[in-house]
1. Consider Arg61 against the criteria (1) surrounded by 15 or more Cβ atoms within 10 Å (Cβ to Cβ); (2) of a type outside the set (S, T, N, Q); (3) touching a helix residue (DSSP H, G or I) at 6+ places or on another chain (Cβ under 9 Å): it satisfies all of them except one. Which criterion is unmet?
2. Restricting attention to the range 27-34, does a residue exist that is open to solvent by 100 Å² or more (accessible area, probe 1.4 Å) and within 30 Å of Ser147 (Cα to Cα)?
3. Give the residue, chosen from Glu105, Glu99, that is farther than 24 Å from Gly163 by Cβ and in a loop (DSSP other than H, G, I, E, B).
4. Taking the conditions exactly as written (open to solvent by 20 Å² or more (accessible area, probe 1.4 Å), touching a residue at least 24 places away in the same chain (Cβ under 8 Å) and out of contact with any strand residue (DSSP E or B) (no Cβ under 9 Å at 6 or more places or on another chain)), does Glu102 satisfy them or not?
5. So which of Phe80, Phe73, Phe50 ends up being open to solvent by 40 Å² or more (accessible area, probe 1.4 Å), touching a Ser or Thr at 6+ places or on another chain (Cβ under 8 Å) and assigned to a strand (DSSP E or B)?
6. Looking only at the range 144-174, count every residue that is open to solvent by 20 Å² or more (accessible area, probe 1.4 Å) and out of contact with any strand residue (DSSP E or B) (no Cβ under 6 Å at 6 or more places or on another chain) and tell me the total.
7. Which residue out of Ser122, Ser136 is among the polar types (S, T, N, Q) and under 16 Å from the mean Cα position of the chain (by Cα)?
Amino acid sequence: MPESLKIFEASDWIALASVVIALLVLGLTIWQGLQTRKHNRLSAKPYVDFSWVNKPLQGLRCELKNLGLGPAFISHIKFFVDNNEVKIKNRECYKSLFEILEINEVVTKIEVSHIEPHSALSVGHSDNLIVFCDSSISEDDHKLVASKLRRFSVQVEYKCIYGIIYKTSKSGLL
C-alpha cells in the first residue's frame with residue numbers, strides 16, 4: 001500500500017465519508033428549501049386581467065378579474081386617455097375622465113366601482129370596474145361610445161401575499 005494512504009486509518013476514512021455525506025445532504029436540503037419556497041410563491045400568485053364586454057345586448061363594460069391562484073392586493077389603478085394618465089383620486093374625478101372622452105352627452109348613466117388602494121381581489125372574483133352603457137341604449141349610441149373608448153385604457157398594479165409587485169399591461173377596448 002502506498003505510504004500516503006497509510007496516514008489515514010479506517011476510522012478516518014469513515015469520518016471523512018460521513019462529512020462528505022453530511023455536506024451533500026445539507027446542499028440537497030438547501031436546494032429543496034429553495035424549490036419549496038418557489039412553489040409556495042407560485043401557488044399563491046394572483047393574475048389580474050381585464051375583460052372588455054362590447055355587445056349591444058349586454059352593454060359595454062370593463063371587468064377586472066383575478067384569474068390566478070392567490071388573492072391580489074390592488075396598489076394602483078391607472079386610467080389613460082391617448083396614453084396620457086388621468087389621475088383618479090375619488091369618484092368625482094371620473095367626471096373629468098368622461099368629459100375628456102366626450103361620452104357624457106351620449107351616455108346618461110355610467111356605473112363606476114372605485115377600488116381603493118390596498119383592496120383585495122380574491123381568487124376567481126371579478127368586479128365591473130366601469131359600466132359605460134347597458135343594454136337599454138340604442139345600437140347606434142353603443143357604437144358611438146365604443147368608438148370614443150378606443151382612446152381609453154386601464155392598467156393595474158397589484159401585490160401577492162408575499163409582497164411581490166405585478167403590473168398588468170395597458171388594456172383597452174379593441
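1. (3)
2. No, because not a single residue in the range 27-34 is open to solvent by 100 Å² or more (accessible area, probe 1.4 Å) and within 30 Å of Ser147 (Cα to Cα).
3. Glu105
4. yes
5. Every option except Phe73 fails the conditions.
6. Total satisfying the criteria: 10.
7. Testing whether each residue is among the polar types (S, T, N, Q) and under 16 Å from the mean Cα position of the chain (by Cα) leaves just Ser122.
The values are calculated or read from the model by the stated rules, or taken from the named source; none is laboratory data. Treat the numbers as computed from the prediction; the structure is a model and nothing was measured. So basically every Cβ, Gly included, is an ideal-geometry build from the backbone, and we count neighbours across all protein chains shown. Heads up: the accessible areas ignore ligands, DNA and RNA and are worked out on the full protein's heavy atoms, side chains in. Shrake-Rupley method; radii C 1.70, N 1.55, O 1.52, S 1.80 Å.
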